[in-house]
1. Pairs Lys88/Lys163; Lys88/Lys123; Lys90/Lys123; Lys99/Lys122; Lys68/Lys130; Lys66/Lys88: which are spaced more than 21 Å apart, C-alpha to C-alpha?
2. State, to one decimal in nm, how far the label point of Phe71 lies from the label point of Asn94, with both points 7 Å from Cα in the Cβ direction.
3. For the stretch 69-85, list residues with backbone N below 19 Å from a point placed 7 Å from the Cα of Ala126 toward its Cβ?
4. Tell me, Kirkwood radius of the stretch 33-166 from alpha-carbon pair distances, in Å?
Amino acid sequence: MQTIYLGITESNIRIIIKIAIKVDTLSYKTVSANKATVKKNWVLVDATDQVLGRLSSVVAMILRGKHKPDFTPHVDCGDYVIVINAEKIKLTGNKRDQKVYVHHTGYPGGQRHVSFARLQNKKPEAIIEKAVKGMLPKNRLGSEMFRNLHVYVGSEHPHAAQKPEPVNFNSIK
């Protein structure tokens with residue numbers, strides 16, 4: 001004997017219950033990374049003959065952790081990045097002559113201008129640091145990620161004990 005209630009038969013109710021049971025017992029869950037579960041690696045980037053903007057965007061992505069499958073936006077899950085040969089960075093077009101870095105001292109009339117060529121002669125690592133910092137989030141998490149960036153002039157760096165792995169720019173998208 002079948003009981004019909006608003007067009008639903010007893011056999012249809014059994015099917016609906018079986019489907020509901022299958023949905024409740026998923027074999028996978030979305031995993032959210034946290035500070036304890038994040039595995040940070042050391043990465044080495046050579047800036048020789050690299051375009052500043054393209055290099056900076058890849059470095060910012062690695063610092064943020066977007067290249068990892070367990071990326072979580074509110075957690076610092078990025079890697080430590082070492083950039084060497086900062087003085088050998090290049091720019092496209094006429095930016096080498098026209099690019100100007102502007103900052104303000106905080107005093108009236110305290111706006112200061114520094115050309116790319118002068119900054120490259122005086123402190124070449126600051127060029128990459130400014131470009132990468134501009135691509136990170138503007139909050140406490142972004143400041144924490146920026147501390148994982150180490151930029152050096154020349155090919156020597158003091159982080160050999162961490163055994164950094166060189167980055168292939170073609171493999172990171």
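Readers should treat all values here as calculations from the given coordinates under stated rules, not as data from a laboratory. Computed from a prediction, not measured in an experiment: that's the story for all the values here. Virtual Cβ from ideal backbone geometry, glycine too; neighbours counted across all protein chains shown.
1. Details: Lys88/Lys163 23 Å; Lys88/Lys123 12 Å; Lys90/Lys123 15 Å; Lys99/Lys122 15 Å; Lys68/Lys130 24 Å; Lys66/Lys88 26 Å.
Long pairs (Cα-Cα over 21 Å): Lys88/Lys163; Lys68/Lys130; Lys66/Lys88.
2. So the label points at Phe71 and Asn94 sit 3.6 nm apart.
3. 83-85
4. Numbers: mean 1/r = 0.0628 Å⁻¹.
Taking the inverse mean of 1/r over all distinct Cα pairs, the stretch 33-166 comes out at 15.9 Å.
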